[in-house]
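Inspection log for the structure reproduced underneath, given as structure tokens.
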Amino acid sequence: MLRIENLRKSYGTFQLDCSMEIRPGCVTGLVGQNGAGKSTTFKAVLGLISPDGGDIRILGKDSRAFGTKDKQELGVVLSNAGFSGYLTVRDIIPVMDGLYAHFDKPFFLEQVRKFGLPDNQKIKEFSTGMKAKLKVLTAISHRARLLVLDEPTAGLDVVARDELLELLREFMEQDENRAILVSSHISGDLETLCDDIYMMHEGKIILHEETDVLLDDYAVLKMDESLYDTIEKRYILRSRKESFGYSCLTNQKRFYSENYPKLAVIKGSIDEVIMMMIRGEAL
Amino acid sequence: MKGLLIKDLKLMKSTRNSLALVLLIALGMSTYISDISFIITYLAIIGITFATGTISYDEFDNGSAFLFTLPVSRRGYVIEKYLFSLLMSLGGWLIGTVIAIGVGTAKGTMASEEGIMVALMLLPMVLCLAAFLLPMRLKFEGDKSRIAMVIVFGGFFVITIMGVKVLQKLGIDVEALMKSLSAISAGMGAVIVAAASIALLLLSCHISIKIMEHKEF
């Protein structure tokens, strides 16, 4: 669905250099701190910026040859951009109808009603949550095969986030050949939605793992200095000095649980893994 | 293209009060201004200004970046902006012409044939204005585009004056040259001016496409 190989882009001292793949039927998450390069990656994929090097293939086509017809199969949410705030939902409908061959107007209208979006109010007067909902609705209302979503749940409360995530799950269930690339600061969203996750730091992919593996096999181990000196370090990915001793990130939780019964083993979460991958030291 | 045109028409809807006010002002002025070219030019320029204003609406909150994720190419976007600007400016020109001739005829100050001739003579100027304004607006955002316009028009006048002075220094009689140009038949002159205006507009569109193709969002 989407293959990025050695994508490079420089802005001053920042250098993006990443490779990733999004397979059909999969929801792939991209996580990282602010300024890690997530939005730059999205922009390069969408042709909004010119990469300095590397290859991007979207839906089997080189991104440079990806034309307006091909874009019919793409649904996009950008974190800081959308339809002009001077338009209303009612204005957007004929625009979408004119742009997309398969715009599903009844579905769009039904979702607008369901989410309680005012149809005759200027978008610039919408709340952050309403804007976020509208962006996702426009991305999924034209039978796209690939969704590229940059922070789609930003600014939403828990209930609204859950509704949107449900909408994305339904979108995936309708066709097994669809795929989603999504970034989010809210790791809980990614844990429940994504099949695999890429972690980005300072323009580089520092970890790629299936979500199930990440949640089941990754853990943070907490220990004092004496235990740290003797513990098996083969499966420790990162370690970090703490006031009580050391925190270590492992991808072999069971090994440490079984062999070191007195060790504090904290179940891995995306937040914990990000923290350790970025702040910890590789052994 | 169709979707973009609808979008711009919808954006225009939010400026309908301003447009109505402009029309009222034009109507009011036409009753006491005898120079009909002013009314026609005024409405044509307003049409272009409102049309290029949709670029600002598109740019609001990084909207341009989002637009290019839709099935819209940069080339298609530019061509749509030219079409929409022509639609708006020619619309303004047409309304201005109708008002000017209508008021002139009612007052008995002008024959409609004369009014149509004046309006047709102003048409190339409207096209040239669109040809200059659109690349500027697409290249520079907000205030920068206004500054760039002042520099370009200022530069144009300076170059014209300097050109005349250089010709005079070279011993070429500029007045005689102008007279020889006016000796060309009206029909031939109109064809030359119309062809030059269209060529300028096409060149301008080509430049605008290049500008947009190199833009990053």
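Can you bin the stretch B:2-213 into rounded, prolate or oblate? Criterion: square roots of the alpha carbon gyration tensor eigenvalues sorted a ≥ b ≥ c, rounded for a/c under 1.5, prolate for a/b above b/c, oblate for the rest. It comes out oblate by the Cα gyration axes.
What whole-number value in Å² describes the accessible area per residue of the stretch B:2-213 for a 1.4 Å probe? Walk me through the numbers on the way to the answer.
On the way: 11410 Å² over 212 residues.
Solvent-accessible surface per residue comes out at 54 Å².
Using C-alpha pairs below 8 Å separated by at least 6 residues, the relative contact order for chain A is 21 percent. If you filter the stretch A:97-206 for GluC sites (Glu not before Pro), then keep DSSP loop positions with at most 16 other Cβ within 10 Å, what is left? Answer by residue number: A:Glu176, A:Glu202. At what distance in nm do the modelled label points of A:Asp271 and B:Glu216 sit from each other, each positioned 7 Å from its Cα along Cα→Cβ? Roughly 3.4 nm, to one decimal. Put simply, the amide H of A:Gly29, placed in the peptide plane, has neighbours under 5 Å in A:Val182, A:Asp195, A:Asp196, A:Ile197, A:Tyr198, leaving out anything fewer than 5 places away on its chain.
A simple spin-label model places pseudo-atoms 7 Å from Cα toward Cβ; at A:Asp216 and A:Asp52 they are separated by 4.1 nm. Residue order by solvent-accessible surface for A:Met96, B:Met125 is B:Met125, A:Met96, largest first, with ligands and nucleic acids left out and a 1.4 Å probe. For A:Ser243, the accessible area of its heavy atoms, probed at 1.4 Å with every protein chain present, is near 120 square angstrom.
Computing the accessible area with a 1.4 Å probe over protein heavy atoms, can you report the carbon and sulfur percentage for chain A? Intermediate results must be reported in sequence, preceding the final value.
Values: 5640 of 12830 Å².
Here carbon and sulfur together make up 44 percent of the probe-accessible area.
In the context of the full set of protein chains, residues of chain A present 45 Å² of accessible surface per residue (probe radius 1.4 Å, heavy atoms only). Considering only DSSP beta bridges whose two residues both sit in the protein assembly as shown, what percent are antiparallel, to the nearest 5? If I count the DSSP bridges inside the protein assembly as shown, around 65 percent turn out antiparallel.
List the GluC sites (Glu not before Pro) within the stretch B:99-204 that DSSP assigns to loop and that have no more than 14 neighbouring Cβ atoms inside 10 Å. Don't skip to the answer; put the middle values down first.
Numbers: sites: B:Glu113, B:Glu114, B:Glu141, B:Glu175; in loops: B:Glu141.
Passing both the DSSP loop test and the Cβ count: B:Glu141.
Please tell me the relative contact order of the stretch B:2-213 in percent, rounded to the nearest whole number, where contacts are Cα pairs under 8 Å and at least six residues apart. Spell out each step's value before the answer.
Details: 176 pairs, mean separation 54.7, N = 212.
Averaging sequence separation for qualifying contacts and normalising by length gives 26 percent for the stretch B:2-213.
Taking the accessible area of the stretch B:106-156, probe 1.4 Å, and keeping the other protein chains in place, the carbon and sulfur fraction comes to 73%. With a Förster radius of 56 Å applied to the C-beta separation of A:Lys262 and B:Asn62, the computed FRET efficiency comes to 0.55. Accessible surface for A:His185 stands near 100 Å², nearest 10, in the context of the full protein assembly shown (1.4 Å probe).
DSSP loop (so not H, G, I, E, B), at most 11 other Cβ within 10 Å: list which trypsin sites (Lys or Arg not before Pro) in the stretch A:11-115 pass both filters.
Details: sites: A:Lys38, A:Lys43, A:Arg57, A:Lys61, A:Arg64, A:Lys69, A:Lys71, A:Arg90, A:Arg113, A:Lys114; in loops: A:Lys69.
Answer by residue number: A:Lys69.
Pairs of alpha-carbon atoms within less than 8 angstrom and 6+ residues apart define the contacts here; what relative contact order does the stretch A:54-161 have, in percent?
Values: 126 pairs, mean separation 42.7, N = 108.
RCO, the stretch A:54-161: 40 percent.
The values are calculated or read from the model by the stated rules, or taken from the named source; none is laboratory data. Small disclaimer: the values here were computed from a predicted structure and weren't measured. FYI the Cβ positions are ideal-geometry reconstructions off the backbone, even for glycines, and counts take in every protein chain you see. Just so you know, the surface numbers come from the protein's heavy atoms only, side chains and all, with ligands and any DNA or RNA stripped out. Shrake-Rupley method; radii C 1.70, N 1.55, O 1.52, S 1.80 Å.
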